[in-house]
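Everything on this sheet refers to the single structure shown next.
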Amino acid sequence: MATNVAASRLQGTGTNALELDGVGRQFGALAALSGISMRIAAGERRAVLGSNGAGKTTLFNTITGDFNPTSGTIRFFGEDITTLAAHERIRRGLRRTYQISQLFTNLTVLESVYLACRGVSRRRYSLLRPRASDGAMAQAESIVHAVHLDGEKDAMVGTLSHGQQRQLEIALALAGAPRFILFDEPAAGLSPTERRDLIDILNALPKHIGYIIIEHDLDVALRVSEYVSMMHNGRLFKEGTPEEIENDPTVQEIYLGGGHRHG
Amino acid sequence: MTDLTLNPTRNRLQSQNWIEKAGIGHILLALFLLIYPAMASDFFLTQIGGYSLVLGMIALSLMLLAGYGGMVSLAQITVAGAAGYVVAIFGENNSGVYGFGWPWWIYGPLAIMIASMMSALIGWIAVRTEGIYTIMITLAVATACFYFAQQNYALFNGFPGYNGLRAPEFFGVYWRDPVPFYYLCLANAVVAYVAVLYGARSTFGLTLQAIRDNQRRMRAIGFNVTAHKVFAWWLAGLIAGAAGILLVWFNGRISPGTIAVGPSINILVIAIIGGLRHPIGPFLGAVIVVLMQTFAIDLVGAERFNTLIGLVFLVIVFISPDGILGLWERFKPQEGRDNWRSFKKAANKSENQGRNA
Ligand SMILES: Nc1ncnc2c1ncn2[C@@H]1O[C@H](COP(=O)(O)OP(=O)(O)OP(=O)(O)O)[C@@H](O)[C@H]1O
Ligand SMILES: [Mg+2]
């Protein structure tokens, strides 16, 4: 599988879900990102690794439009989305989770997921209450089930445990019909059981949904991705299959050498 | 809705009979309001009852924006005033300027439409800001409108404004007579109240509360946050506009004084004294402030009146940041406590109880 993906990348066949060309982001004098170019095929599952402050989250923010890059272009399924409004990118099938959960503390779990389904469909301005038979509501129920939150579906988000909030983050990214998802350290702070759950959820995603996952825990990263990109100081410095990355001397030195961080 | 429950986020779609749906609190309140004219003098009916309902509606439009949307506006009386000026210009007045004498069923909807558009416009300006800056920018808009109305004679008839506005007569009733006016205000207030209560759980209501909680996340699930906020302002403008019409029928006049900074802050005080957590709050606040305005002036004099209302405001905010509603919440039985402000406390509490057990 991994080799297939690598091969298709080399041949450049098919549409790419994401194409980044020379993407950079300055914060004042700090270049949080510079010259990032990458191609990710539709349906590909990619891990991004890198030390703290490497620019991984910043990369996600520029892709989803939380803020725009200061240089370069970003294409999503062939369309230039570099300066498109964030919500427009979402409606085109891009999704994300946040490293620090961004949730609606005063809504219930089901309401949150329902909104996420509604956000990419019609009748967003409806002044009627959603019916149980509403398509978006039905989808929300099934997503809540998929992330193992059935028991909590009527609980206020603010009362959830950390692990449950992380699951809800994922649920919000699964709503609608995602084509490509950016997961920002979904496993951070999870217990070993919750981690296993997470891996199951990711592996159970439909095959056409590609994603990038930022993950400090190599064991998790390697189990849910086919290809790995390494970042350091705002640059991409190495791409390869999990095996290539694990055995690469520079990677070992920069990233693994210091002993990789758990959580 | 069970009782006057203050936790709007927990109601599930359950099959209930209409008594359970409306809640015993609502039914008792409705009964009281319906038979109130039988007990009250004309003064209490109009100056207290009708006026409180009108101010309550304007404060309700603020509650909608602030409580659900997290946008505190000081321009709600300005929006109501816009409707009032439309009534003066297109209806009848004694000021000898304009007063086209159109029937109420044309100028009424027109007034509400213009007020709501104006509200949307103010919202469109204000949604670029957050928190305290929203308050500042809406205050700036309100102040600008006040001075403009005061200096512009061509349209607003300047300082004197318009006098001699008359409520309409139809179905053989003069709607400014105490009993009809009270019921007219009550009907409007009930429609607005029920609409807000129902709408809070609607798709758009949830959207608005989600925007209040986390705008960034809302964008990241596909919502155009700015457009949704502006829509909320437009909806609030419908309520404030309708109230504005009633207000000028009540006063019989409109002048820049109606939309001055004082009245605009008054609306904020009403909403905060009552509580921003449930649409009943603004009406409670309005009754309290109107009663104080009517009777405290006799006791302490007009001069010290503002000091008094300021003190009451401080005391209430000090003991309960959620206004009267918060007080009610604190002293009522356990069950309703897990609302959106205090659910953390409640959660900690039950956790502690679990630990102790
Ligand atoms: N909004 C911002 N304003 C200023 N500097 C920022 C901002 N966001 C990120 N940075 C800086 O950009 C650099 C990259 O940050 P980023 O969050 O992308 O790192 P990361 O790889 O996600 O790290 P971590 O593993 O800790 O999440 C850091 O030096 C950070 O301080
Ligand atoms: Mg990060």
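Only Lys, Arg, Asp and Glu carry charge here, each on its Cβ (+1 for the first two, -1 for the last two); on that basis the protein assembly as shown has a dipole of about 380 debye about its Cα centre.
Taking N as the residue count of the range B:52-140, its C-alpha radius of gyration divided by 2.2 N^0.38 Å amounts to 1.22.
Using just the helices of chain A, give the 222 nm mean residue ellipticity in deg cm²/dmol: DSSP H runs with n ≥ 4 each add -39,500 (n - 2.57), and the total is spread over all residues, rounded to 500. Don't jump to the answer; show the numbers that get you there.
Values: 9 runs with 85 residues, N = 263.
So the helix-based figure for chain A works out to -9500 deg cm²/dmol.
Report the per residue volume, in Å³, of the convex hull enclosing the C-alpha atoms of the range B:100-198. Walk me through the intermediate numbers first.
Values: hull volume 15.7 nm³, N = 99.
With only Cα atoms used, the range B:100-198 gives 159 Å³ per residue.
So what is the relative contact order of chain A, in percent, for Cα pairs below 8 Å that sit 6 or more residues apart?
Working: 493 pairs, mean separation 67.8, N = 263.
The value is 26 percent.
Estimated at the nearest 10 Å², the accessible area of B:His228 is 0 Å² with a 1.4 Å probe. Between the range A:115-150 and the range B:91-165, how many Å separate their Cα centres? The range A:115-150 and the range B:91-165 have Cα centres separated by 40 Å.
Interface residues of the range B:199-224, defined as those losing at least 50 Å² of solvent-accessible heavy-atom surface relative to the isolated chain (probe radius 1.4 Å), are listed as B:Arg201, B:Thr203, B:Leu206, B:Asp213, B:Asn214, B:Arg216, B:Arg217, B:Ala220, B:Ile221, B:Gly222, B:Phe223. Taking all pairs of distinct Cα atoms, average 1/r, flip it, and tell me the Kirkwood hydrodynamic radius of the protein assembly as shown in Å to one decimal place. It works out to 27.1 Å. Placing unit charges on each Cβ (+1 for Lys and Arg, -1 for Asp and Glu) gives the protein assembly as shown a dipole about its Cα centre, and among B:Gly257, B:Asn93, A:Ser229 the Cα reaching farthest toward its positive end belongs to B:Asn93.
With the full set of protein chains in place, find how many percent of the accessible area of the range A:103-171 is carbon and sulfur; take the probe as 1.4 Å.
Numbers: 1380 of 2670 Å².
In the range A:103-171, the share of accessible area belonging to carbon and sulfur is 52 percent.
Separation of the range B:253-268 from the range B:51-76 is 14 Å, based on Cα centroids.
Residue separation times 0.36 nm, minus the C-alpha to C-alpha distance between B:Leu299 and B:Val173: what's the value? Write down the numbers at each step before the final one.
Details: separation 126, 0.36 × 126 = 45.36 nm, distance 3.66 nm.
Extending this stretch completely gives an extra 41.7 nm.
Taking the accessible area of the range A:20-83, probe 1.4 Å, and keeping the other protein chains in place, the carbon and sulfur fraction comes to 51%. Helices from chain B with mean Kyte-Doolittle at least 0.5 and a Cα length along the axis of 27 Å or more, per DSSP H: which? In chain B, the long hydrophobic H runs are B:104-126, B:132-151, B:178-199, B:225-251, B:280-319. Accessible area of A:Arg91 (1.4 Å probe, protein heavy atoms only, ligands and nucleic acids ignored): about 80 Å². Rounded to whole numbers, the Karplus 3J(HN,Hα) couplings from phi for the range A:26-39 are 9, 10, x, 7, 7, 8, 5, 9, 8, x, 7, 10, 8, 10 Hz, using 6.51 cos²θ - 1.76 cosθ + 1.60 with θ = phi - 60°, and x at Gly and Pro. In this structure, the amide hydrogen of A:Lys238, modeled 1.01 Å from its nitrogen in the peptide plane, lies closer than 5 angstrom to those of A:Met230, counting only residues at least 5 positions away or on a different chain. Lys/Arg Cβ at +1, Asp/Glu Cβ at -1, dipole of the range B:46-319 taken about the Cα centre: which of B:Pro103, B:Leu60, B:Asn214 is farthest positive-ward? The residue sitting most towards the positive pole is B:Asn214. Averaging 1/r across all pairs of distinct Cα atoms in chain B and inverting the result yields a Kirkwood radius of 21.2 Å. Of the residues A:Lys238, B:Lys21, ranked by 1.4 Å probe accessible area with the largest first, the sequence reads B:Lys21, A:Lys238.
Considering only protein heavy atoms, with the full assembly of protein chains and a 1.4 angstrom probe, order A:Lys56, A:Lys207 by accessible area, largest first. Could you put the intermediate results ahead of the total?
Working: A:Lys56 15, A:Lys207 140 Å².
Ranked list, largest accessible area first: A:Lys207, A:Lys56.
Each Cα pair under 8 Å and six or more residues apart adds its separation to the average, and for the range B:187-320 the resulting relative contact order is 16 percent.
Maximal additional length on extending the A:His145-A:Leu127 stretch stands at 3.8 nm, based on 0.36 nm per residue less the C-alpha distance. A cut-off of 5 Å between modelled amide H atoms, ignoring neighbours fewer than 5 places along the same chain, links A:Arg96 with A:Leu182.
Treating only the Cβ of Lys, Arg, Asp and Glu as charged (+1, +1, -1, -1), what charge dipole size does the range A:103-171 show about its Cα centre? Round to the nearest 20 debye.
Values: 8 positive and 7 negative charges, 80 e Å.
Here the range A:103-171 has a charge dipole of around 380 debye.
Rounded to the nearest 500 deg cm²/dmol, what is the calculated helix-only ellipticity per residue at 222 nm for chain B, with -39500 (n - 2.57) per DSSP H run of length n ≥ 4?
Values: 15 runs with 238 residues, N = 357.
One gets -22000 deg cm²/dmol as the mean residue ellipticity at 222 nm.
If r is the Cβ-Cβ distance from B:Thr307 to A:Gln252 and R0 is 60 Å, what FRET efficiency results, to the nearest 0.05?
0.25
A 1.4 Å probe run over the protein assembly as shown, with the rest of the protein chains in place, finds 42 Å² accessible per residue.
The figure for B:Trp328 is an accessible area of roughly 120 square angstrom, using a 1.4 Å probe on the protein chains alone.
With only alpha-carbon pairs counted, each pair once and no self-pairs, how large is the Kirkwood hydrodynamic radius of chain A in angstroms?
Working: mean 1/r = 0.0526 Å⁻¹.
Kirkwood hydrodynamic radius for chain A: 19.0 Å.
With a 1.4 Å probe, how much accessible area is buried between chains B and A, both sides summed, in Å² to the nearest hundred? Provide the component values of the computation, followed by the final result.
Numbers: alone 17500 and 12250 Å², together 26230 Å².
So the buried area, both faces added, is about 3500 Å².
The values are calculated or read from the model by the stated rules, or taken from the named source; none is laboratory data. Since the structure is predicted, the reported quantities are computational estimates derived from the model, not experimental observations. Don't worry about glycine lacking a Cβ; one is built from the backbone with ideal geometry, like all the others, and counts go over all protein chains shown. The accessibility values were calculated without ligands, DNA or RNA, using every heavy atom of the protein model including side chains. Shrake-Rupley method; radii C 1.70, N 1.55, O 1.52, S 1.80 Å.
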